[in-house]
1. Regarding Glu15, is this residue closer than 24 Å to Cys189 by Cβ, free of Cβ contacts under 8 Å to residues at least 40 places away in the same chain and either surrounded by fewer than 16 Cβ atoms within 10 Å (Cβ to Cβ) or under 21 Å from the mean Cα position of the chain (by Cα) (or both)?
2. Looking only at region 388-402, decide whether some residue is of a type in the set (Lys, Arg) and either part of a helix (DSSP H, G or I) or surrounded by fewer than 17 Cβ atoms within 10 Å (Cβ to Cβ) (or both).
3. Please identify the pairs in which a residue from region 293-307 that is of a type in the set (Gly, Ala, Ser) and open to solvent by less than 70 Å² (accessible area, probe 1.4 Å) has its Cβ atom under 8 Å from the Cβ atom of a residue that is modelled with pLDDT of 95 or more and assigned to a strand (DSSP E or B), counting only partners at least 6 apart or on another chain.
4. How many residues are open to solvent by 50 Å² or more (accessible area, probe 1.4 Å) and out of contact with any strand residue (DSSP E or B) (no Cβ under 7 Å at 6 or more places or on another chain) when one looks only at region 152-162?
5. Please work out which one of (1) under 18 Å from the mean Cα position of the chain (by Cα); (2) in contact (Cβ under 8 Å) with a residue 60 or more places away in the chain is the condition Met324 fails and give its number.
6. Where in region 147-258 are the strands (runs of 3 or more DSSP E), entirely inside, with at least 2 residues that are within 24 Å of the chain's Cα centre (by Cα) and more than 17 Å from Asn117 (Cα to Cα)?
7. Looking at Glu47, Glu7, Glu61 in this structure, which one is assigned to a helix (DSSP H, G or I), open to solvent by 50 Å² or more (accessible area, probe 1.4 Å), at pLDDT below 95 and farther than 19 Å from Arg382 by Cβ?
8. Hey, among Ala317, Ala283, Ala332, Ala349, which residue is within 18 Å of the chain's Cα centre (by Cα), open to solvent by less than 20 Å² (accessible area, probe 1.4 Å) and at pLDDT 95 or above?
Amino acid sequence: MTDLNSELFELSMSEKAKPLLARVVKHLEENVAPWRDEFEALNEEKEDRWTWHPRQLELMETAKTKAKEAGLWNFFLPDADTGEGLSNLDYAYIAAELGKHPYGSETMNCNAPDTGNMEVLERVGSPAQKEQWLKPLLAGEIRSAYAMTEPGVASSDAKNISTSAVLDGDEWVINGEKFYISGAGNPRCKIMIVMVKTSPDAPASKQQSQILVPMDTPGVKILGAMEVMGEDHAPIGHMHLKFTDVRVPKDNILLGEGRGFEISQVRLGPGRIHHCMRSIGKAELALEMMVKRAGTRTAFGQKIAKLGKNLEVISRARIEINAMRLAVLQAAKAMDVLGNKEARIYVSAVKAMVPEKVCLIIDQAMQMHGAAGMSQWFPLARMYADMRHLRYADGPDEVHHMVVGRAEVQKHGLW
């Protein structure tokens, strides 16, 4: 981490992107926020929890159409012809606003895991792969999933991945299990990128490959939904999958055999930073809710904000959010200036810090809401579960602290 690189401290949004941010905020406030309650209430009217209510699809598609018409589409691809061509730094400001609205990202086709999958396809996909899968993903016509994590191994070390893919003539034959595959339950999910082991005799970092597997391929079975702190997040879900003699064409491999780790560097840097950007928005929302609750509720003759250390809790939340925002902006700038690989320490630093700090802020907001803070009356409990799971997603805290700590030790030649 080059601490004194002056370019990494120039964190202002570009002038060309500022009007875009204003349009994003306007879209979220006018075309997304008004229907959130209706959208969520419709879940109770569905006969099958793992489908979308027609009215939900109508609301989402209407908002997507308005976003497209306003030019608010595919912001997440930095410097790409297929999107707005925003820098990571500019997108950081926009993503923070998206984080305040749970359905905002999808209305602008900036939702995970599609963002990472689209970036991989855009960067390394063949012309045929782009035509078949990237094109409809960029249009928002289908959804996708990324299948890496496995129940039988410590998947935080991707070298442990055991799902196998063996070449049989012109087809890959895939066998194995994956779990917590986000979005795989979505009826609109049509394609997965699957991390597999293709070359068990190669060096450890060259054994893995990534292969495109359509969801309707024979042998792909959804065993069920994994819950996140008691929620299965139907109909999107975090699915437990079984691959039994799944056959896909040889040409479905991305980039080439043994290049799975290389592809991961394309998606994981941006993916991790996008999560952190949106998390800043969630922290801002939690703080706003905390302040409004504590400033309007009275107990023991005082506003709750004035009881105990609550004023200090509010203060610390603001200080932490400001610090996190600056760190995330700098990590985004590092990706723009240094490239994804060289910026990995900055990215790991914010990925280790932000989910933990935002978890605490949401927890404190829940506390100031009393028992209702844990209920369905407020979004805080779901926000907490979402943020707590982010401490595992895209690498657990410990892995990112290892990256940052190791870099510090190496500075002194002590590794």
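1. Details: closer than 24 Å to Cys189 by Cβ: no; free of Cβ contacts under 8 Å to residues at least 40 places away in the same chain: yes; either surrounded by fewer than 16 Cβ atoms within 10 Å (Cβ to Cβ) or under 21 Å from the mean Cα position of the chain (by Cα) (or both): yes.
Answer is no for this residue.
2. Looking for residues that are of a type in the set (Lys, Arg) and either part of a helix (DSSP H, G or I) or surrounded by fewer than 17 Cβ atoms within 10 Å (Cβ to Cβ) (or both), one finds at least one in region 388-402, hence yes.
3. Listed pairs, sorted by first residue: Ala294/Lys303; Gly295/Lys303.
4. Counting residues in region 152-162 that are open to solvent by 50 Å² or more (accessible area, probe 1.4 Å) and out of contact with any strand residue (DSSP E or B) (no Cβ under 7 Å at 6 or more places or on another chain) gives 5.
5. The failed condition is (2).
6. Output list reads 171-182, 220-225, 238-249.
7. When all the criteria are applied, what remains is Glu7.
8. Working: Ala317 fails: within 18 Å of the chain's Cα centre (by Cα); Ala332 fails: at pLDDT 95 or above; Ala349 fails: open to solvent by less than 20 Å² (accessible area, probe 1.4 Å).
Exactly one of Ala317, Ala283, Ala332, Ala349 is within 18 Å of the chain's Cα centre (by Cα), open to solvent by less than 20 Å² (accessible area, probe 1.4 Å) and at pLDDT 95 or above, namely Ala283.
The values are calculated or read from the model by the stated rules, or taken from the named source; none is laboratory data. Note that the structure is predicted; figures quoted are calculated from it, not measured. We place every Cβ from the backbone using ideal geometry, glycine too, and count neighbours over all the protein chains shown. In case anyone asks, the SASA skips ligands and DNA or RNA and just uses the protein heavy atoms, side chains included. Shrake-Rupley method; radii C 1.70, N 1.55, O 1.52, S 1.80 Å.
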